[in-house]
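**Student:** To start, I am sharing the structure in question, which I have written as C-alpha cells.
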Amino acid sequence: MATESHAASSPARIRLIQPDDWHLHLRDGSVLRHVVLDSARQFGRAIIMPNLKPPVLTLEDARAYRDRIRNALRLACEQAGADAMPSFEPLMTLYLTDRTTPDEIRRARDSGFVHGVKLYPAGATTHSDAGVTDLLGQCRTTLAAMQACGMPLLVHGEVTDPAVDLFDREAVFIERVMQPLRRAFPELKVVFEHLTTADGAAYVMQAEGPIGATLTPQHLLYNRNALFKGGLRPHWYCLPVLKRETHRLALLEAATSGNPRFFLGTDSAPHPRGAKEQDCGCAGCYTARYAMALYATAFESVGRLDRLEAFASKHGPAFYGLPPNPGALILERGGNPIPRDLPLGEDVVVPLAAGESLPWRVSQDAEQA
Ligand code: DOR
Ligand code: ZN
C-alpha cells in the first residue's frame with residue numbers, strides 16, 4: 001500500500017490493491033440496479049448473500065441470480081452514463097437448509113462460481129425462516145461434503161433461543177454451536193460472519209483449523225449507544241446488534257492487528273426507509289456506497305491506515321483461495337457528505353450515518369483504472 005503525504009501518519013491519499021467485500025446483500029428486482037454500482041465502484045468482487053425471498057437454494061438459483069446481478073450492473077452503468085463498466089465479480093453462495101443435499105454442494109463446488117454456503121439459524125435475522133433448525137442434527141452429511149470439497153460455511157453466529165439475552169447470543173453461539181461444529185468437522189472452512197464481540201474475536205484468534213471472520217464498518221465505528229442517541233435510531237439497527245464499547249475496541253484491535261483471519265465484509269443490507277422506520281423495523285445498515293471511506297475512518301482512528309490494505313484486499317482472497325485483484329483503488333482525504341437518502345427501487349434507503357460527513361472519499365482519478 002502506498003501512502004502519499006509529508007506526514008506519513010496522516011496521508012492525503014492512499015493507494016490500495018482493489019478491495020473485495022466478503023459479505024454483501026444486494027437483494028433482487030428493481031432494488032438491484034440501485035445498489036450494485038455502489039459496490040462495483042469500490043470492490044472487485046463480493047460474496048453475495050443468498051437470503052432472498054425465496055432463498056438461493058440451488059446451483060441453478062445461484063446462476064440465475066448472478067445473471068440478474070450482471071444485467072443490473074450493465075443497466076446501472078448505462079443509467080449513470082458511465083464510460084466503462086467496472087469489472088465486478090459476484091461470488092455466489094447457497095442458503096443452507098435442513099434439506100440441502102451433499103450432491104448440491106458438490107455440483108456448486110464444481111461450478112467454480114459458488115464460493116460458500118450460508119448458515120442462517122432459523123429465526124436469527126432477516127429472511128432466515130427457511131434456515132437451519134438443528135445444524136449437527138440435520139446437516140451432517142452436507143457438512144461432511146462441504147469439508148471434503150473445501151466449500152466454506154459462512155456462519156451467522158447467533159443462537160435464537162429466546163431465553164438468551166440478545167447481547168449474549170454470539171458468545172453463547174460459540175459454546176453451543178461453533179465449538180461442537182468444529183470438533184465434528186475440524187477441516188471445514190468456516191467464516192464467522194460479522195463478528196460483534198470480544199468473545200468472538202478471541203475465539204477466532206485462538207481457534208485451530210481453517211477459520212476466518214468478517215468485520216463490518218458499523219461494528220468498528222459504533223457501539224450500542226448509537227442505537228439510542230437522542231432517541232431510537234433504526235438506521236443503526238442490524239443483527240447481530242451493536243455491542244458495548246469494550247467489544248468495539250476488541251474488534252478494532254482484531255481488524256487492525258494484521259492477523260490474516262480478519263477481513264472486510266460490509267454486511268451492507270438495504271431496506272426501504274419505511275421498513276426500518278416502523279413499529280417493528282428490519283435489521284440491516286446500508287453501508288455499500290461509503291464502505292471504504294467508513295473503514296478508512298475506523299483504521300485511522302487508531303493510527304493504523306497502514307494495515308487497511310491487508311484487511312481489505314489481501315486476507316479475504318487468501319482465505320478463499322483466490323488471487324488479489326489486479327486493479328487499485330485510491331482513497332483521498334476530503335469531506336464526503338453522506339446524503340439523507342438514496343434511491344432504492346421505487347423507494348429510498350437511508351444510509352448509515354446519513355447527514356454526517358466522512359474524512360475520506362474514493363478518488364475519481366483515472367489512475368484507478
Ligand atoms: O442486519 C442484518 N441484516 N443482519 C443480517 O444478518 C441480515 C441482514 C439483511 O439481510 O437485512
Ligand atoms: Zn448479512
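Any read-out appearing in this document is the output of simple, stated calculations on the displayed coordinates, not a laboratory observation. All values reported here derive from a predicted model rather than from experimental measurement. Methodologically, a virtual Cβ is constructed for each residue, glycine included, from the backbone with ideal geometry; neighbour enumeration extends over all protein chains shown.
**Student:** Report Rg (one decimal) and Dmax (nearest whole number) for the chain, counting Cα atoms only, units Å.
**Tutor:** For the chain, the Cα radius of gyration and maximum Cα-Cα distance read 19.3, 59 Å.
**Student:** Efficiency by 1/(1 + (r/R0)^6): what FRET value for GLU253 and ARG340, r their Cβ-Cβ distance, R0 = 25 Å, to the nearest 0.05?
**Tutor:** With a Förster radius of 25 Å, E is 0.15.
**Student:** Now for a different question. Give the Kirkwood hydrodynamic radius (Å, one decimal) of segment 1-152, defined as one over the mean of 1/r across all pairs of different Cα atoms.
**Tutor:** About 17.1 Å, per the Kirkwood formula over Cα pairs.
**Student:** Give the calculated FRET efficiency between GLN364 and ASN223 to the nearest 0.05, with a Förster radius of 22 Å applied to their Cβ-Cβ distance.
**Tutor:** The pair GLN364/ASN223 has a calculated efficiency of 0.10.
**Student:** Something else now. What list of ³J(HN,Hα) couplings, whole Hz, do you get for segment 248-254 from phi and the Karplus terms 6.51, -1.76, 1.60, once you set θ to phi - 60° and write x for glycine and proline?
**Tutor:** 4, 5, 5, 5, 5, 4, 5
**Student:** Now, a different point. Hull surface divided by four, with the convex hull built on the Cα atoms of segment 76-143: how many nm²?
**Tutor:** Result: 6.3 nm².
**Student:** Semi-axes of segment 218-284's equivalent ellipsoid from the Cα gyration tensor, sqrt of 5 times each eigenvalue, largest first, rounded to whole Å?
**Tutor:** Calculated on Cα positions only, the semi-axes equal 25, 15, 7 Å.
**Student:** Rounded to the nearest 0.05, what FRET efficiency do ARG140 and GLN206 have when you use their Cβ-Cβ distance and R0 = 30 Å?
**Tutor:** 0.70
**Student:** A follow-up question, please. Ranking CYS280, CYS139, CYS285 by Cβ neighbours within 10 Å, fewest first, what do you get?
**Tutor:** Ranked by crowding around the Cβ, least crowded first: CYS280, CYS139, CYS285.
**Student:** Additional query: Check VAL132: other-chain or 5+ apart residues with amide H under 5 Å from its amide H, H built from backbone geometry?
**Tutor:** Amide H neighbours of VAL132, under 5 Å, 5+ apart: TYR120, ALA122.
**Student:** In what sequence do ILE47, ILE174 fall when counting other Cβ within 10 Å, fewest first?
**Tutor:** Starting with the residue having the fewest Cβ neighbours, the order is ILE174, ILE47.
**Student:** Oh, and also: Taking segment 113-216, which GluC sites (Glu not before Pro) meet the DSSP loop condition and have no more than 13 other C-beta atoms within 10 Å?
**Tutor:** Answer by residue number: GLU187, GLU208.
**Student:** Please list, ordered by chain and number, the residues whose modelled amide H lies under 5 Å from the amide H of VAL56; skip anything fewer than 5 residues away on the same chain.
**Tutor:** The list, which skips near neighbours in sequence, is TYR95.
**Student:** Further, regarding this structure: What are the ³J(HN,Hα) couplings of segment 63-68, residue after residue, when phi is run through the Karplus curve with 6.51, -1.76, 1.60 and θ = phi - 60°? Round to Hz, x for glycine and proline.
**Tutor:** 5, 5, 5, 4, 4, 5
**Student:** Give the long-range amide H neighbours of ALA328: residues separated by 5 or more places, or on another chain, with amide H under 5 Å away, using H modelled in the peptide plane at 1.01 Å from N.
**Tutor:** Amide H neighbours of ALA328: GLN18.
**Student:** Same structure again: Once the dipole of segment 233-369 is set up with Lys and Arg at +1 and Asp and Glu at -1 on Cβ about the Cα centre, which of ALA353, LEU251, PHE311 lies farthest towards its positive end?
**Tutor:** My answer, from the dipole projection, is LEU251.
**Student:** Still on this model: Is there a pair in LYS53/LYS229; LYS53/LYS276; LYS229/LYS276; LYS276/LYS314; LYS118/LYS314 whose C-alpha atoms are over 28 Å apart, and which pairs would that be?
**Tutor:** Correct reply: LYS53/LYS229; LYS276/LYS314.
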